Amino acid sequence: MFSVKKIVAIVVLSFAICRSGYTAQIELLISAASSMTDVLQEIIVEFESTYPDIKVSTNFAGSGTLLRQIERGAPVDLFLSADQMTMQEAVSKQLIHKDLVHHIAGNRLILVGRDDLSFAVSDIADIASLRVRRIAIGNPDSVPAGRYAQALLVDKDLWSEVSPKLIFTQNVRQCLDYVARGEVDLAFVYATDIRMPRDGVRELLTMDLSSLIVYPVGVINSTEHLEESQRFLSFLKTTKVTNILESFGFLKVEERLR
């Protein structure tokens, strides 16, 4: 049994904690596209220093994979997709607050290759050459970068010709890894993925797409931390975050795209 002195000590300590203004941290979980890994970690550091009462955890994967997880009930608070189509699907399935979606950045799709390629790739049509053996591409069913690449190849009448060479991956980071290890000759990735030089990889071409690459972020309908999630969403709209995104090579996106 507690002695009277111990009970008094506990009461005094509890009172002191309350008077000090201490509150337990709220933890937010953000499911985000793999291509946002590095920049989002830096944004989170700035956010947590501004709002020390909130801790932010992350879950990175291909956008389609993340959406399936949310559909199955993953305890996520915010979803950051690498394309508008996946976000629109989430909204249509009433998984996302439709009025709490913000486009934070844009990107470019590029073609990269091994740095020891013995042949030139000066045009997208060159990937159909017999000298190109394997090409890494995100699975179009779950990876927006793969879907962008597929649409481009279809538009250029190259899809059926290069399909036998394609190696589908779970995300753009895996595409880059395959090139760096020499397991494929070429890969479609985002420009931001090689912002820092990568051993064994060199940029070859920037793709001219018919649609914009836009990253939307939205608040999950089932979140138990709506206020804190909205606070994070608002933080993403600040100049500080815009500057961080640009420093990582992401493009500005006008809110009128919504």
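The values are calculated or read from the model by the stated rules, or taken from the named source; none is laboratory data. For clarity, every value in this text was computed on a predicted model and none was experimentally measured. Don't worry about glycine lacking a Cβ; one is built from the backbone with ideal geometry, like all the others, and counts go over all protein chains shown.
Just a few scattered comments:
- Scanning segment 149-172 for residues that are crowded, with 18+ Cβ neighbours inside 10 Å and in contact (Cβ under 8 Å) with a residue 40 or more places away in the chain turns up Ala149, Leu152, Asn171, Val172.
- Options Leu176, Leu205; residue that is surrounded by fewer than 21 Cβ atoms within 10 Å (Cβ to Cβ) and either touching a residue at least 60 places away in the same chain (Cβ under 8 Å) or of a type in the set (Asp, Glu) (or both): Leu205
- Residue within segment 119-135 that is in a helix (DSSP H, G or I) and touching a residue at least 60 places away in the same chain (Cβ under 8 Å) present: yes
- Of residues in segment 179-202 being assigned to a helix (DSSP H, G or I) and either within 17 Å of the chain's Cα centre (by Cα) or among the hydroxyl-bearing types (Ser, Thr, Tyr) (or both), the one surrounded by the fewest Cβ atoms within 10 Å (Cβ to Cβ): Ile194
- Verdict on Asp141 being modelled with pLDDT of 95 or more, of a type in the set (Asp, Glu) and either touching a Ser or Thr at 6+ places or on another chain (Cβ under 8 Å) or farther than 30 Å from Ile244 by Cβ (or both): no
- Selection status of Asn139, touching a Phe, Trp or Tyr at 6+ places or on another chain (Cβ under 6 Å) and either buried (at least 16 other Cβ atoms within 10 Å of the Cβ) or among the acidic types (Asp, Glu) (or both): yes
- In this structure, Ser210 does satisfy being farther than 24 Å from Leu100 by Cβ and not basic (Lys, Arg).
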